[in-house]
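Encoded as structure tokens, the structure appears first; notes follow it.
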């Protein structure tokens, strides 16, 4: 099946489209449920009231980054700079509010916009020159990392004012405590899931990922669309930056150093194809939760962190294998 | 079997397989029932120093009949992973946690949350800022470790004018700052003394230590004394110095006392090192938590876990032990 015919199929048959979009997440969801069942049986604490909320709270930062990463990977791109961009946004928000001193809400807005600017720059370089996304974002990773360390002078910023830490606070929900930030993350996931599956913009993103050339021929303004996706991803990283400072309660220049790879891990585990055009943002949520549940569950069992890394590695390879095999099937 | 089912089944099968291996490799989580749980969070999993910390904790856990669970950051400076591990340990019902903070300031809110839930937190090796954020600190006196090799170097130079290279850790990391300060004080020079010809950061890494020393020798070819934050950095420096054929007239002093480092002292590559005792640090920490579980008495304040000058060329006025003693008490 060529990319063009697959496009026609999608446009004409919404049911087929939905099946195509949701199928890749079925495997990961099964994995998540099985893992949760296993940890529920093997530890007493896993099923306890606050534990799921704890996992949610632990994955909210990488989860939010992974939303932006999903958008970019759907266009057949990749973003290695997301963790570094978030770290810059985080330190910017913290420093502007504490030492600026700016009103905290203004500091937050500027931090999010700065991340958006990084995304915009990535998108422009990818399209205007054009350069491979891998190279552009690898360069941007170093630029953002260096700017973070220069701007912060390697100092951790403490004493954050209330609006910056608000999203890290908890409110009681039944027998557990939920952080406000987890709600923001879930809202973002639902919002982008809707935008990708039910708007023209979402369909264009998939079309672009399947074949940039066919998308262009069918009248999609691919340059504008790509730049927009990178810029939106940047803004999402800015929200992740706010979640990060609110969760840890400090501005940390060392933050986010492995989060680029962790976000790609989540996207891949969620069944999104690294070759673009296939996958869902809700799959990514499942992918993020798989990593979080394994880390939490193995720690509750007293298994050391090396095994957590081992399990994550095996799962990633497996997820890509499944993606490849099922791709072969559809050709 | 339809094509759509296949990935689901494959993933399911592997998860089950993994779950079984995880079961086999674990320390038998659910069977331990009423045992007191102790957590240990180190900076990284790979640094031999922290491997020794973990071994010390494991031995003490066995002796005190408590259950130990361990975790670590992914890289030096990784605060987020440590916060997550601390939360998970508190959720698993630990009585106390031993932690070597990757970021002295950034870890504080997470420690406070854990302590608010009644968990005793002891910092190992590196104090948080402020130190009062933890119940107790078990650590080497890093300033003293620096002073010992500084004073030794002063004596060994025997009045010869010194041209010094300092191979430091990283900006703003307290261990590195304290050792450097101790060295200059022990040697008797001001921080900005012109005899310090070159200062470079190495991250405590051998390859970076070598590069740093190469650059220092380029800048000031007449360097005759090298202070290194640890022995890997010192050995990197030795490689650079040897490449210039100057290993006979450049003295290297270091801090840490790892087994490779002590061997380098024996081989004459490093003149002296200050040895610290991570095994004792961790063992004392585990015992303190076991004691807290039994008696309800919390450990408090700072416990100096000791530091010892190791050299095979002793100098008058510097109390030292030889590399044989160092070998018996080394880590890594």
Are any residues in region B:286-303 touching a helix residue (DSSP H, G or I) at 6+ places or on another chain (Cβ under 7 Å) and part of a helix (DSSP H, G or I), and if so, which ones?
-> B:286, B:287, B:290
Would you check if residue B:35 is more than 8 Å from chain A (Cβ to nearest Cβ), more than 24 Å from the chain's Cα centre (by Cα), at pLDDT below 95 and not in a helix (DSSP H, G or I)?
-> yes
Lone unmet requirement of (1) under 23 Å from the mean Cα position of the chain (by Cα); (2) modelled with pLDDT under 95 for residue A:202 | (2)
With criteria (1) touching a residue at least 12 places away in the same chain (Cβ under 8 Å); (2) on the phi < 0 side of the Ramachandran plot; (3) more than 19 Å from the chain's Cα centre (by Cα), residue A:182 comes up short on (3)
Just name the residue that is modelled with the highest pLDDT out of those in region A:113-143 that are outside any helix (DSSP H, G or I) and out of contact with any helix residue (DSSP H, G or I) (no Cβ under 7 Å at 6 or more places or on another chain).
-> A:132
Scan region A:197-213 and give yes if some residue there is without any contact (Cβ under 8 Å) to a residue 24 or more places away in the chain, surrounded by 15 or more Cβ atoms within 10 Å (Cβ to Cβ) and part of a helix (DSSP H, G or I), otherwise no.
-> yes
Are any residues in region A:162-183 in contact with a helix residue (DSSP H, G or I) (Cβ under 7 Å, 6 or more places away or on another chain) and assigned to a helix (DSSP H, G or I), and if so, which ones?
-> A:163, A:164, A:165, A:166, A:167, A:168, A:180, A:181, A:182
Single unsatisfied condition, residue A:159 versus (1) closer than 30 Å to residue A:247 by Cα; (2) part of a loop (DSSP other than H, G, I, E, B); (3) out of contact with any helix residue (DSSP H, G or I) (no Cβ under 7 Å at 6 or more places or on another chain) = (3)
Search region B:92-118 for residues being surrounded by fewer than 22 Cβ atoms within 10 Å (Cβ to Cβ) and closer than 21 Å to residue B:58 by Cα, and hand back the single one that is farthest from the other protein chains (Cβ to nearest Cβ).
-> B:95
Which members of region B:86-117 meet the condition of being farther than 20 Å from residue B:284 by Cα and assigned to a loop (DSSP other than H, G, I, E, B)?
-> B:92, B:93, B:102, B:103, B:104, B:105, B:106, B:107, B:117
Out of (1) in contact with a helix residue (DSSP H, G or I) (Cβ under 7 Å, 6 or more places away or on another chain); (2) at pLDDT below 95; (3) under 19 Å from residue B:145 (Cα atoms), what's the single condition that is false for residue B:244?
-> (3)
Check whether at least one residue in region A:56-64 is touching a strand residue (DSSP E or B) at 6+ places or on another chain (Cβ under 7 Å) and within 9 Å of chain B (Cβ to nearest Cβ), and report yes or no.
-> yes
Residue A:118 vs (1) surrounded by 24 or more Cβ atoms within 10 Å (Cβ to Cβ); (2) free of Cβ contacts under 8 Å to residues at least 24 places away in the same chain: all pass except (2)
Can you give me the number of residues within region A:167-179 that are loosely packed, with under 15 Cβ neighbours inside 10 Å and under 26 Å from residue A:238 (Cβ atoms)?
-> 2
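Pull up region B:264-285, narrow it to residues that are more than 20 Å from the chain's Cα centre (by Cα), touching a residue at least 40 places away in the same chain (Cβ under 8 Å) and part of a loop (DSSP other than H, G, I, E, B), then point me to the one that is surrounded by the fewest Cβ atoms within 10 Å (Cβ to Cβ).
Keep residues of region B:264-285 that are more than 20 Å from the chain's Cα centre (by Cα), which gives B:266-269, B:271.
With touching a residue at least 40 places away in the same chain (Cβ under 8 Å) added as a condition, the list becomes B:266, B:268, B:271.
Subsequent filtering for residues that are part of a loop (DSSP other than H, G, I, E, B) retains B:268, B:271.
Numbers: B:268: 13, B:271: 23.
So, considering only residues that are more than 20 Å from the chain's Cα centre (by Cα), touching a residue at least 40 places away in the same chain (Cβ under 8 Å) and part of a loop (DSSP other than H, G, I, E, B), the one surrounded by the fewest Cβ atoms within 10 Å (Cβ to Cβ) is B:268.
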Determine if region B:129-149 includes at least one residue that is part of a loop (DSSP other than H, G, I, E, B), surrounded by fewer than 22 Cβ atoms within 10 Å (Cβ to Cβ), within 14 Å of another protein chain (Cβ to nearest Cβ) and in contact with a strand residue (DSSP E or B) (Cβ under 8 Å, 6 or more places away or on another chain).
-> no
For region B:164-173, name all the residues that are surrounded by fewer than 21 Cβ atoms within 10 Å (Cβ to Cβ) and within 16 Å of residue B:191 (Cβ to Cβ).
-> B:171, B:172
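Can you report the number of residues in region B:304-313 which are in a strand (DSSP E or B) and within 16 Å of the chain's Cα centre (by Cα)? Walk me through it before giving the result.
Initial filter on region B:304-313 (in a strand (DSSP E or B)): B:304, B:307-311.
From what's left, within 16 Å of the chain's Cα centre (by Cα): B:304, B:307-308.
Qualifying residue count, region B:304-313: 3.
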Set A:319, A:266, A:241, A:233: member being touching a residue at least 40 places away in the same chain (Cβ under 8 Å), more than 8 Å from every other protein chain (Cβ to nearest Cβ), more than 18 Å from residue A:75 (Cβ to Cβ) and in contact with a helix residue (DSSP H, G or I) (Cβ under 6 Å, 6 or more places away or on another chain) = A:241
Can you tell me which residue in region B:38-53 is nearest to the other protein chains (Cβ to nearest Cβ), limited to those that are touching a helix residue (DSSP H, G or I) at 6+ places or on another chain (Cβ under 7 Å) and assigned to a helix (DSSP H, G or I)?
-> B:53
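Any chance you could count how many residues in region A:79-112 are closer than 22 Å to residue A:151 by Cα and assigned to a loop (DSSP other than H, G, I, E, B)? Reasoning before the result, please.
The first filter runs over region A:79-112 and keeps only residues closer than 22 Å to residue A:151 by Cα, leaving A:80-112.
Next, only the ones that are assigned to a loop (DSSP other than H, G, I, E, B) stay: A:80-81, A:99-103.
So the answer is 7.
Here's a check for you: in region B:61-83, which residue that is part of a helix (DSSP H, G or I) and crowded, with 24+ Cβ neighbours inside 10 Å is modelled with the lowest pLDDT? Quick ask: steps written out before the conclusion?
Start the filter on region B:61-83 by keeping residues that are part of a helix (DSSP H, G or I), which leaves B:61-64, B:79-83.
Now narrow it down to the ones that are crowded, with 24+ Cβ neighbours inside 10 Å: B:61, B:80, B:82-83.
Details: B:61: 95, B:80: 92, B:82: 95, B:83: 95.
Per the stated criteria, the residue is B:80.
Taking region A:269-313 as the region of interest, how many residues are more than 10 Å from every other protein chain (Cβ to nearest Cβ), outside any helix (DSSP H, G or I) and either out of contact with any helix residue (DSSP H, G or I) (no Cβ under 7 Å at 6 or more places or on another chain) or at pLDDT 95 or above (or both)?
Narrowing region A:269-313 to residues more than 10 Å from every other protein chain (Cβ to nearest Cβ): A:270, A:272-289, A:291, A:293, A:312-313.
When the remaining residues are screened for being outside any helix (DSSP H, G or I), the result is A:270, A:272-280.
From the residues that got through so far, the ones that are either out of contact with any helix residue (DSSP H, G or I) (no Cβ under 7 Å at 6 or more places or on another chain) or at pLDDT 95 or above (or both) too are A:275.
Total satisfying the criteria: 1.
Does residue A:228 qualify as being closer than 30 Å to residue B:58 by Cβ, more than 9 Å from chain B (Cβ to nearest Cβ) and surrounded by fewer than 21 Cβ atoms within 10 Å (Cβ to Cβ)?
Working: closer than 30 Å to residue B:58 by Cβ: no; more than 9 Å from chain B (Cβ to nearest Cβ): yes; surrounded by fewer than 21 Cβ atoms within 10 Å (Cβ to Cβ): yes.
Spelling it out, it is not the case that residue A:228 is closer than 30 Å to residue B:58 by Cβ, more than 9 Å from chain B (Cβ to nearest Cβ) and surrounded by fewer than 21 Cβ atoms within 10 Å (Cβ to Cβ).
The values are calculated or read from the model by the stated rules, or taken from the named source; none is laboratory data. Because the structure is predicted, anything quoted here is derived from the model rather than measured. Glycine gets a Cβ as well: all are built from the backbone with ideal geometry, and neighbour counts include every protein chain shown.
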